[in-house]
Every structure is written in structure tokens, then in C-alpha cells.
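Comments concern the structure below.
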């Protein structure tokens, strides 16, 4: 069984990673979002990741985000999908409202 302090430390690192994504919404890859969702599951969040033909559905607790990944020439996600993901993380309390997000 994982000690509460261990979960708190891991959750703190996940929050730092989410805050770091907020600083660079133009250069985020889908694998980074997927890794965050996977790590949230490890600390007790109810998560799901479903792949469609050109998009992925990421769910953390009650928050759902659709991420379009159909452009093979562009490895980074479009900033709008990153911002949607960040809004969901804010709704879950995993990102502070006063974080330094880039201009929209």
C-alpha cells in the first residue's frame, strides 16, 4: 500500500507537469497528455483514454476532453486542444487559476 505522503508527492509532481504544459501550449505532444492521464490513474483518479480514427477521448473523473490527432505532419497538438485539457485540469483543481498560461 502506498503511503499518503507518497501519493501527495506524486500528485505534486503531476501538478507541476500540468503547469509546465500551460507555459507552452504550442509545443505539447499527445503522448504528454496521455502520460499525465495515466499518472493520475496511478494516484487514484478515475481515468479513461479511448482512441478513435482521428481523435482521442481523454477522461479524468467527470472531465472529458477530445483531442484531434489526425495531422501526421504535425507532431504537436493544436493549442486549442491543450487549452481544453488545461481547463479540465483547472476544473479538477489540478491547475491553479493564476497559472501563467500563454496568450490565447
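Observations on the structure shown:
- For segment 12-35, filtering for residues that are surrounded by 13 or more Cβ atoms within 10 Å (Cβ to Cβ), in contact (Cβ under 8 Å) with a residue 40 or more places away in the chain and part of a helix (DSSP H, G or I) leaves 10.
- Check on residue 55, farther than 24 Å from residue 13 by Cα, surrounded by 13 or more Cβ atoms within 10 Å (Cβ to Cβ) and modelled with pLDDT under 95: yes
- Boolean, residue 40 is in a strand (DSSP E or B), at pLDDT 95 or above and either within 13 Å of the chain's Cα centre (by Cα) or surrounded by 15 or more Cβ atoms within 10 Å (Cβ to Cβ) (or both): no
- Filter result (within 13 Å of the chain's Cα centre (by Cα), outside any loop (DSSP other than H, G, I, E, B) and more than 14 Å from residue 86 (Cα to Cα)) within segment 43-74: 47, 48, 49, 56, 57
The values are calculated or read from the model by the stated rules, or taken from the named source; none is laboratory data. On a predicted model such as this, the values are computed, not experimentally measured, just so you know. We place every Cβ from the backbone using ideal geometry, glycine too, and count neighbours over all the protein chains shown.
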